[in-house]
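The numbers here are math on the coordinates, done by the rules we state, and not lab data. In this text the structure is predicted, and so the values were computed from the model without any measurement. Please note: Cβ atoms are built from the backbone with ideal geometry, for glycine as well, and neighbour counts cover all protein chains shown.
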Amino acid sequence: MELAQQQALQSKHDIFKHGCVLTHRNKIVAMGHNTMRFHAEIYTFNQIDLKRYRNRNFTVYVARINRNSDARMSKPCKNCQSFLKKVNINNVFFSTDNGLEKMNLCSIISE
Ligand SMILES: [Zn+2]
């Protein structure tokens, strides 16, 4: 999660600084931050070839920091949630204003 925060520091965005770390079987496979075009989650996934990972044991960490580098709510938006779900990502950890939360996408019923 600290790494995701470090990624967030590199975001050029003034207010919404998001960072993302993607692990597969507990090994880091990609990291990224939000850009003008992409949310951090999408940007990070764009760096890997999903087809190479047959066993999709991915965990995604998303962090957001404010200008003072304090952790802020970084729950993936609806678009990113459906993207993550589509590629079978189950475990998502995200920063909140007071810590860390885990989201299990497979338990969310689609609307
Ligand atoms: Zn998003």
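How large is the convex hull of the Cα atoms of the chain per residue, expressed in Å³ as a whole number?
Numbers: hull volume 11.0 nm³, N = 111.
Here the figure is 99 Å³ per residue.
Compute the signed sum of charges (Lys and Arg +1, Asp and Glu -1) over the other residues within less than 12 Å, Cβ to Cβ, of SER95.
Details: positive: LYS17, ARG64, ARG72, LYS75, LYS102; negative: GLU2, ASP70, ASP97, GLU101.
Taking every Cβ under 12 Å from that of SER95, the sum is +1.
Counting every Cα pair in region 1-50, what percent are over 16 Å apart? Let's see the in-between values first.
Working: 395 of 1225 pairs.
Distances greater than 16 Å cover 32 percent of the Cα pairs.
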- Taking 67-79, 31-43 and ranking on average Cβ neighbours within 10 Å, highest first, one gets 31-43, 67-79
- Put +1 on the Cβ of every Lys and Arg and -1 on every Asp and Glu Cβ in the chain; which of LEU100, PHE38, SER69 then has its Cα farthest towards the positive end of the dipole? PHE38
